[in-house]
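Just so it is clear, none of the values below were taken in a lab; they were calculated from the coordinates. Bear in mind that the values here come from a model prediction, so they are computed numbers and not experimental data. All Cβ positions, glycine included, derive from the backbone under ideal geometry; neighbour counts span all protein chains shown.
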Amino acid sequence: MESFNQEQNYFGLDLGNSSIKVAQLRELSGKPTLVTYGSIDMPENLLASDSPIDQDRVAEYVKQLASDANVSSKNVIASLPSTASFTSIIKLPKLSHDELGESISYQADKYIPIPINQAKLDWAVIGEYPDTGELSVLLVAAPNNIANKYLNIIQKAGFELLALEINALALARSLTIPTQTNSTTIIVDIGTLSSDIAIFTGQVPQIIRSIGVGSKALRRVVSQNLGLDETQADQFLKKFGLQQDKIEGQVYKTLKPVIDHVVEEIIKSIKYYMDKNPQSNIEKIILTGGTSALPDLPIYIANSTHLTVEIGNPWTNISYPANLQQNLASVSLNYATALGLALRNLA
Ligand SMILES: Nc1ncnc2c1ncn2[C@@H]1O[C@H](COP(=O)(O)OP(=O)(O)OP(=O)(O)O)[C@@H](O)[C@H]1O
Ligand SMILES: [Mg+2]
């Protein structure tokens, strides 16, 4: 058990493709309280690279950031991108913890599209069917090569990896309200290389999907279609976004088909979920990830899905010094994962 009123003996580490983020919390008077947070920018493509030299460089960035942010622990819980993992929700009879583990390892190959001896498996009971008493179990598998790559980076940086958790689960912890166990929300994390889409009832995942669209793909189409270099394209993207009335809608028209990929995936996920849960009501979509700052994105997604769209605020359930308010608000979109990881043993 964690002791109270002490700094958590680990910190949350979000290895993103454009920046690494850390967050550390402690419990104070029953409330998760900020100990430290920080980020460091990294060249894109470094994290995605499989070369050992690049992994060493990522490890150097982790070390630098942990030192700059003054984290007070050697232990890490890190997030695994949803693209790098397979998840499945399976139904199992009510068994003891050990029996469940055994049963899952026998059956996992039915649910996981990679050979089981090449993957790291994790699972958690997430619910119980009231009619039959059967259990709903979330199964997560990460290919060994990816899990090992993360492990390697963290060890090289001089830290000990306590757990790897998929991004979506961390997001639910920082962006939804734990007591609202019946409400269904969709969290969409739009980053640099990918977008994660996850539907939750309370904090229990129902669907987790990931597609390869992020700011990099948006920058590329703006650069190609409008004949701009990368830097200019990035400026146009961030300044005009999906605003139809700016520069004759040129940026809007260029971005629309790419953003529509994300929207289609959201709509597909909703359909799939509603087919299985026809009584359910989706309350809202919560946007996070740096690319969610794209001008007019929330209104565009709201109009396309006919749902309420909100920008997620991962600081809501966390205490912090009042003088940090403005700084924290300005980085809300970037810290949902790191804070969700840091909340793991507190929430
Ligand atoms: N106003 C904006 N419009 C569009 N994109 C933006 C805006 N502001 C920041 N971004 C993009 O957000 C990205 C950073 O967001 P975030 O920190 O969520 O990404 P990441 O976690 O590093 O990426 P990934 O999750 O794909 O690994 C950058 O690529 C940046 O270009
Ligand atoms: Mg990210």
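Arrange Thr176, Thr201 by Cβ neighbour counts within 10 Å, fewest through most, would you? Display every interim value, and only then the final one.
Working: Thr176 24, Thr201 20.
Arranged by neighbour count, lowest to highest, Thr176, Thr201 become Thr201, Thr176.
What number, rounded to the nearest 500 deg cm²/dmol, is the helix-based mean residue ellipticity at 222 nm of the chain, given -39500 (n - 2.57) per DSSP H run of at least four residues and division by all its residues? Walk me through the intermediate numbers first.
On the way: 10 runs with 126 residues, N = 347.
Roughly -11500 deg cm²/dmol at 222 nm, from the helical runs in the chain.
Among 279-286, 134-141, the peptide with the highest mean count of other Cβ atoms within 10 Å heads the list, and the full ranking is 134-141, 279-286. With a/c under 1.5 counting as rounded, go ahead and sort segment 178-311 into rounded, prolate or oblate using the C-alpha gyration tensor (a ≥ b ≥ c being the square roots of the eigenvalues; past the cut-off, prolate if a/b is larger than b/c, else oblate). Prolate, since a/c reaches 1.5 and a/b exceeds b/c.
When each of the peptides 121-129, 142-150, 77-85 is scored by how many other beta carbons lie within 10 Å of its residues on average, the order from highest to lowest is 77-85, 142-150, 121-129. For the listed residue pairs Lys31/Lys63; Lys216/Lys268; Lys216/Lys246; Lys21/Lys238; Lys120/Lys156, the alpha carbons are over 25 angstrom apart in Lys31/Lys63. For Val22, neighbours were defined as the other residues whose beta-carbon sits under 12 Å from its Cβ, and their charges (Lys and Arg +1, Asp and Glu -1) total 0.
Note on the chain: Cα-only Rg and Dmax are 20.3, 63 Å. Bridge orientation summary for the chain: considering DSSP beta bridges with both residues in this region, about 70 percent are antiparallel.
For segment 1-105, run through the chymotrypsin sites (Phe, Trp or Tyr not before Pro) and keep only the ones in DSSP coil with at most 14 other Cβ atoms within 10 Å of their Cβ.
Working: sites: Phe4, Tyr10, Phe11, Tyr37, Tyr61, Phe86; in loops: Phe4, Tyr10.
Listed in order of number, the matching sites are Phe4.
Of the chymotrypsin sites (Phe, Trp or Tyr not before Pro) in segment 162-256, not one is in a loop by DSSP (not H, G, I, E or B) with at most 11 other beta carbons within 10 Å.
With charges set only on the Cβ (+1 for Lys and Arg, -1 for Asp and Glu), what does the dipole of segment 154-237 come to about its Cα centre, in debye to the nearest 20? Show your work: numbers first, answer last.
Values: 6 positive and 7 negative charges, 25 e Å.
Once rounded to the nearest 20, the dipole reads 120 debye.
Working from label points 7 Å from Cα in the Cα-to-Cβ sense, the Ser49 to Asn148 distance is 2.0 nm.
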